[in-house]
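The values are calculated or read from the model by the stated rules, or taken from the named source; none is laboratory data. Since we're looking at a predicted model, the values are computed, not measured. Because the Cβ atoms are built from the backbone with ideal geometry, glycine has one as well, and the counts that use them run over all protein chains shown.
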Amino acid sequence: MQGLAPGKIILSGEHSVVYGAPAIATAIQLYSHIHYTPVKGSELIAEFIGIKVHSNHPIAKLSPLVSFLDRQFQKFIDGSIKVESILNSPVQLVLYVLASQLPTKSLSAHFNGDSELPIGAGMGSSASMIAAAVVLVEAIKKTSSSSEQRYQLVKHCERLQHGKGSLIDAATVILGGVVQVQQLSVKQLPLKLNQHWYWLFTGTPQCSTGECVSYVAQQHRSDTQLWDEFAAVTEQMTAQLTNNADPSEAIVANQTLLEHIGVVSERTKGIIQQLKARGAVAKVAGAGAYIGDSSGLLLVYAENISPEQLFAGYNMKWGVLKQDLKGARIIV
């Protein structure tokens with residue numbers, strides 16, 4: 001059997017969710033998956049193609065690994081290590097989920113995972129892989145948790161990757177479809193995107209999501225009018241999607257606010273202007289970056305041009321935005 005979980009794209013409210021304003025995201029048809037095959041012996045075999053990992057882990061050392069990573073996270077909270085020092089390897093994130101949630105007898109297995117999601121693109125690759133592991137654990141144990149319990153567990157585990165788990169990432173990859181998060185409230189919205197949406201990856205930002213959020217907080221934390229404007233744009237986007245109307249106005253307004261807070265590079269602004277000249281509108285669809293040339297993922301909307309024409313000449317990953325409406329699930 002295998003656990004399967006989609007990635008996600010933030011549609012609006014990237015930074016404002018930190019200040020209690022709403023944010024909306026959609027799950028997408030790019031997936032992370034983990035296959036489970038029981039084996040004899042006392043080792044867990046971890047094979048993850050995308051990060052080129054094939055390793056064997058004595059089961060007796062997995063429980064101490066969980067405790068070690070919890071201590072590493074506390075050191076990060078105390079300020080004695082940086083967030084990138086919590087994990088020694090990306091595979092430890094999945095091992096943490098499996099070892100903390102599965103009984104010892106079920107850990108003698110081959111876990112074979114991969115992901116279609118670009119790493120560092122702001123598409124929820126870590127949340128997606130954790131979600132695939134979470135639903136797989138339930139299937140192995142033959143138990144069932146509520147959706148809220150699942151996305152809270154994803155959020156808890158993801159803290160090891162980013163220092164703070166993202167509720168909107170966790171909820172979106174677990175639930176599927178369009179999800180709205182405001183403060184601690186999660187709500188699914190019955191919204192479907194048409195065929196005119198695309199994504200373009202400008203490159204991995206040179207600063208992490210957490211670093212970018214901290215930078216914005218230092219510069220704009222007390223600007224309540226700014227966060228009210230972000231909230232208004234998210235509400236505008238939701239209304240336009242609800243009415244199946246052209247969302248261009250909301251996209252442009254959101255991008256203007258992101259440029260104002262300083263998370264869009266000059267190179268990215270140039271790309272957005274080039275896309276505009278080709279008949280599209282675009283915005284940064286994640287935290288962005290306050291240093292470097294890359295701003296992560298762009299959300300692009302274009303009605304009257306083919307994607308091949310729209311992205312001609314760009315040596316960057318792009319794709320048609322196709323929604324996933326099911327969320328994390330098991331495939332037998």
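Just checking, which of V216, V264 is under 25 Å from I119 (Cα atoms), outside any helix (DSSP H, G or I), touching a helix residue (DSSP H, G or I) at 6+ places or on another chain (Cβ under 9 Å) and among the β-branched types (V, I, T)? Give the steps one after another, and end with the answer.
Details: V216 fails: outside any helix (DSSP H, G or I).
Exactly one of V216, V264 is under 25 Å from I119 (Cα atoms), outside any helix (DSSP H, G or I), touching a helix residue (DSSP H, G or I) at 6+ places or on another chain (Cβ under 9 Å) and among the β-branched types (V, I, T), namely V264.
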### Task
Identify the residue in the stretch 5-50 that is closer than 18 Å to Y96 by Cα and among the hydrophobic types (A, V, I, L, M, F, W, C) and, among all such residues, is surrounded by the most Cβ atoms within 10 Å (Cβ to Cβ).
A5
### Query
Going through the stretch 180-209 one residue at a time, which ones are over 30 Å from P307 (Cβ atoms) and surrounded by 16 or more Cβ atoms within 10 Å (Cβ to Cβ)?
Q182, V186
### Task
Identify, from the list T172, T209, T234, the residue that is over 16 Å from the mean Cα position of the chain (by Cα) and among the β-branched types (V, I, T).
T234
### Task
Return a yes/no flag: does the stretch 292-315 have any residue that is among the β-branched types (V, I, T) and closer than 21 Å to E116 by Cα.
yes
### Message
Out of A253, A231, I need the residue that is in the same structural domain as F201 (by TED's automatic domain parsing), in contact with a helix residue (DSSP H, G or I) (Cβ under 7 Å, 6 or more places away or on another chain), part of a helix (DSSP H, G or I) and at pLDDT 95 or above. Which one?
### Response
A253
#### Entry: Residues (surrounded by fewer than 22 Cβ atoms within 10 Å (Cβ to Cβ) and in contact with an Asp or Glu (Cβ under 8 Å, 6 or more places away or on another chain)) located in the stretch 157-175
G165
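Condition check ((1) buried (at least 16 other Cβ atoms within 10 Å of the Cβ); (2) within 16 Å of H15 (Cβ to Cβ); (3) free of Cβ contacts under 8 Å to residues at least 40 places away in the same chain) across all residues:
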{"residue": "A217", "(1), (2), (3)": "no, yes, no"}
{"residue": "S222", "(1), (2), (3)": "no, yes, yes"}
{"residue": "V233", "(1), (2), (3)": "yes, yes, no"}
{"residue": "N244", "(1), (2), (3)": "no, no, no"}
{"residue": "E249", "(1), (2), (3)": "no, no, yes"}
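Would you mind finding the one in S80, S16 that is touching a strand residue (DSSP E or B) at 6+ places or on another chain (Cβ under 9 Å), over 28 Å from R329 (Cα atoms) and small (G, A, S)? Give the derivation first.
Working: S80 fails: touching a strand residue (DSSP E or B) at 6+ places or on another chain (Cβ under 9 Å).
Unique residue meeting the criteria: S16.
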### Task
Name the single residue, out of those in the stretch 225-267 being touching a strand residue (DSSP E or B) at 6+ places or on another chain (Cβ under 8 Å) and of a type in the set (G, A, S), that is farthest from M316 (Cα to Cα).
A250
### Message
Given the condition over 27 Å from H156 (Cα atoms) and of a type in the set (D, E), answer yes or no: does some residue in the stretch 191-212 qualify?
### Response
no
### Task
Go through the stretch 102-128 and give me each residue that's assigned to a helix (DSSP H, G or I), polar (S, T, N, Q) and under 16 Å from H57 (Cα atoms).
T104, S106
### Task
Considering only the stretch 88-113, state which residues are in contact with a helix residue (DSSP H, G or I) (Cβ under 6 Å, 6 or more places away or on another chain) and touching a residue at least 60 places away in the same chain (Cβ under 8 Å).
L93, V94, Y96, V97, S106, L107
### Task
Can you run down the residue pairs with Cβ atoms below 7 Å, 6 or more apart or on separate chains, where the first is in the stretch 259-276 and closer than 25 Å to Q218 by Cβ and the partner is in a loop (DSSP other than H, G, I, E, B) and among the β-branched types (V, I, T)?
T268/T202
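For (1) farther than 20 Å from F68 by Cβ; (2) in a loop (DSSP other than H, G, I, E, B); (3) among the β-branched types (V, I, T); (4) assigned by TED's automatic domain parsing to the domain that holds R71, each residue gets a yes or a no:
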site: L98; (1), (2), (3), (4): no, no, no, yes
site: I130; (1), (2), (3), (4): no, no, yes, yes
site: A133; (1), (2), (3), (4): no, no, no, yes
site: I140; (1), (2), (3), (4): yes, no, yes, yes
site: Q149; (1), (2), (3), (4): yes, no, no, yes
site: C157; (1), (2), (3), (4): no, no, no, yes
site: G165; (1), (2), (3), (4): no, yes, no, yes
## Note on the structure
Listed by first then second residue, the pairs whose first member lies in the stretch 143-172 and is under 14 Å from S208 (Cβ atoms), whose partner is basic (K, R) and surrounded by fewer than 21 Cβ atoms within 10 Å (Cβ to Cβ), with beta carbons under 7 Å and at least 6 positions apart or on separate chains, are G165/K155; G165/R159; S166/K155
